[in-house]
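A short write-up of the structure that comes next.
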Amino acid sequence: MRAGGAATTVTAMARATKPRTRQADVVPIEHVHVAPLAIERFFDVLSAEQKAEFEETISRGRELLAGRVVWSVNSTAKGGGVAELLRSLMAYARAGGVDARWVVIGGEADFFRVTKRIHNHLHGWAGDGGPLGELERAIYESACAGAARQLAELVKPGDIVLLHDPQTAGLTAALKQRGAHVIWRAHVGLDLPNDYARDAWAFLQRYVEPAEAYVFSRQAYAWEPLDPDRVIIIPPSIDPFSPKNEELDAPAVRAILEASGMLADGASRPAVYLHQDGTPGRIDRHVELVGNVGLPDDTPLVTQVSRWDRLKDPLGLIESFVTGVAHDSDAHLLLAGPETSAVADDPEGAGVLNACIERWHSLAPEMRPRIHLALLPMADTEENAAMVNAIQRWSTVVVQKSLAEGFGLTVAEAMWKGKPVVAGAVGGIQDQIVNGESGLLVPPEDLRAFGEAMLGLLLDPERAEQIGRSAQERVRQEFLGSRHLRQYVDLFERVIGGWST
């Protein structure tokens with residue numbers, strides 16, 4: 001539960017001549033329950049060498065972390081790749097005998113406006129155009145202080161605390177004072193930092209520096225002011241057995257799309273999937289489709305699944321499809337994202353969605369039925385994931401037209417399904433795709449090039465299939481959770497040993 005509205009608006013904050021603060025309501029932290037998942041399921045997808053390495057990781061981690069709690073702290077339990085990543089990794093860590101716990105901190109509306117501004121700046125963007133000044137610092141510190149007081153009552157000396165992203169950086173000092181090993185994990189970054197990124201670094205640096213280690217997804221993302229000897233690079237990963245990635249045959253895919261209302265004139269028959277814990281689930285909720293335009297049957301489909309974020313450039317993708325694909329192909333385009341009210345830490349999502357809806361209404365009448373905007377229900381995150389799984393598997397080509405990207409796990413998810421991906425050559429997407437082999441990388445703002453890449457795959461199914469096969473194998477080798485857990489155990493071993501190992 002989130003507390004009530006803030007005392008000032010963003011506009012009022014920008015007009016303030018000097019900081020005006022008050023004692024904000026303390027938003028209770030949320031404990032997220034994660035049930036353990038059998039680690040043996042990985043054995044079916046790993047090579048013999050990978051399997052042996054994974055077994056050694058589990059044994060070493062269990063011994064190293066006995067009697068300690070590993071806390072993961074972030075700002076949302078659903079919506080976005082970080083929440084999905086935590087849910088998966090913690091489930092396997094718990095199954096491996098580690099006392100892993102997940103806590104979500106809250107905040108009032110102004111806190112999330114400030115942290116979204118930081119997020120955009122870290123990507124090199126102005127965001128809402130507001131400053132990161134004294135008033136923003138006061139808002140940020142007030143929210144972090146309330147969360148830190150609550151966590152300090154739970155964290156014990158010797159525990160390990162993984163703080164994720166800008167929202168949690170302000171907890172570092174308080175938790176270190178409790179005797180915990182504190183590690184700060186950044187999931188966003190910029191290949192070539194600009195003034196906006198350095199502005200965000202300057203804002204966050206005092207909070208981040210006391211951490212014992214700083215984890216980034218790419219070396220290029222590591223901040224210049226931080227001690228390079230404490231910088232660790234750990235790329236994210238996917239869970240091949242989650243509802244978003246589990247194997248679905250063609251009838252199961254169709255049933256999910258029909259039951260959710262995605263397919264035009266689809267039958268209203270039950271559709272089932274497996275929950276993360278292996279128990280059966282059923283698709284009960286419907287997707288909200290702009291204009292009530294469902295997907296056609298037996299027509300090529302280009303899809304992007306992402307949050308409604310300007311950095312994902314959904315408007316640019318619409319333009320690229322209209323000008324570069326639609327007139328030379330009978331394909332359709334689907335933009336799918338979460339219900340915006342369900343993602344608490346992203347106050348800009350509704351505005352981006354509304355801009356997409358306005359553009360859809362402005363399209364020529366004959367073009368509108370070929371472009372689909374879908375709002376996926378978030379009340380049940382695993383039901384949502386099953387819908388995403390079915391959407392990606394139904395698609396002919398998957399796109400991630402990001403202008404900036406921390407890592408972009410939706411790329412690896414589509415690759416694992418054997419889908420050819422066209423994506424912006426930015427951030428961690430470049431680490432996932434080997435251009436021309438396991439996907440196609442395109443300059444992020446080049447609408448014409450995106451159109452040509454999408455159309456080329458649509459017109460050459462044999463090449464698309466070969467790229468899809470290579471993509472799945474690349475994910476198997478580089479981006480599964482077994483590798484991710486090993487790197488975390490390696491890091492914990494070094495931190496607990498005082499970096500002597």
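The values are calculated or read from the model by the stated rules, or taken from the named source; none is laboratory data. Quantities reported herein were computed from a predicted structural model and do not represent experimental measurements. In this analysis, Cβ positions are derived from the backbone assuming ideal geometry, glycine residues included, and neighbour counts consider all displayed protein chains. When the accessible area is computed, the model is the full protein with side chains, heavy atoms only, and any ligands, DNA or RNA have been set aside. Shrake-Rupley method; radii C 1.70, N 1.55, O 1.52, S 1.80 Å.
Apply the a/c threshold of 1.5 to the C-alpha gyration tensor of region 361-436 and tell me whether it is rounded, prolate or oblate.
oblate
When you count, for each residue, the other Cβ atoms within 10 Å and take the mean per peptide, how do 97-103, 174-180, 384-390 rank with the highest first?
384-390, 97-103, 174-180
For the chain, give the magnitude of the charge dipole about the Cα centre (Cβ charges: +1 Lys/Arg, -1 Asp/Glu; no others), in debye to the nearest 20.
Details: 50 positive and 67 negative charges, 262 e Å.
I would put it at about 1260 debye.
Using a ≥ b ≥ c from the Cα gyration tensor of region 415-476 (square roots of the eigenvalues), is it rounded, prolate or oblate, where a/c under 1.5 gives rounded and otherwise the larger of a/b and b/c decides, a/b for prolate?
Values: a/c = 2.72, a/b = 1.15, b/c = 2.37.
Taking the square roots of the gyration eigenvalues as a ≥ b ≥ c, region 415-476 is oblate.
Farthest toward the dipole's positive end in region 166-248, which of LEU226, GLY189, LEU171, given Cβ charges of +1 (Lys, Arg) and -1 (Asp, Glu) about the Cα centre?
In region 166-248, that residue is LEU171.
Roll a 1.4 Å probe over the protein chains and send me the accessible area per residue for the chain in Å².
Each residue of the chain exposes 39 Å² on average to a 1.4 Å probe.
Count the net charge of all other residues whose Cβ sits under 13 Å from the Cβ of LEU457, scoring Lys and Arg as +1 and Asp and Glu as -1.
On the way: positive: LYS419, ARG463; negative: ASP328, GLU452, ASP460, GLU462, GLU465.
Cβ neighbours under 13 Å give a net charge of -3.
Quick check: pseudo-label points 7 Å beyond the Cα along Cα→Cβ at ASP44 and ASP195, how many nm apart are they?
Reported label-point gap for ASP44 and ASP195 is 5.5 nm.
If you build the Cα gyration tensor of region 182-248 and take the root of 5 times each eigenvalue, what three semi-axes come out, in whole angstrom, biggest first?
For region 182-248, the ellipsoid semi-axes come out as 28, 14, 10 Å.
Which value at 222 nm does the chain reach when only helices count, each DSSP H run of 4 or more adding -39,500 (n - 2.57), with the total divided by all residues and rounded to the nearest 500 deg cm²/dmol?
-12500 deg cm²/dmol
Over the chain, what percent of the accessible surface lies on carbon and sulfur atoms, probe 1.4 Å?
Here carbon and sulfur together make up 50 percent of the probe-accessible area.
Under 25 °C and 0.890 mPa s, how fast does region 276-341 diffuse according to Stokes-Einstein, given a Kirkwood radius computed over C-alpha pairs? Answer in µm²/s, whole number.
172 µm²/s
Using a Förster distance of 56 angstrom, determine the FRET efficiency expected from the C-beta separation of ASN354 and GLU473, and round it to 0.05.
Rounded to the nearest 0.05, the efficiency is 0.90.
Once Lys and Arg get +1 and Asp and Glu get -1 on their Cβ, which of ALA91, GLY130, PHE43 lies farthest toward the positive end of the dipole of region 31-142?
ALA91
Using a ≥ b ≥ c from the Cα gyration tensor of region 216-340 (square roots of the eigenvalues), is it rounded, prolate or oblate, where a/c under 1.5 gives rounded and otherwise the larger of a/b and b/c decides, a/b for prolate?
Details: a/c = 2.65, a/b = 1.41, b/c = 1.89.
It is oblate, given that a/c is not under 1.5 and a/b is not larger than b/c.
Of TYR140, HIS327, ALA259, which is farthest on the positive side of the dipole of the chain, counting Cα position, with +1 on Lys and Arg Cβ, -1 on Asp and Glu Cβ, and the Cα centre as origin?
TYR140
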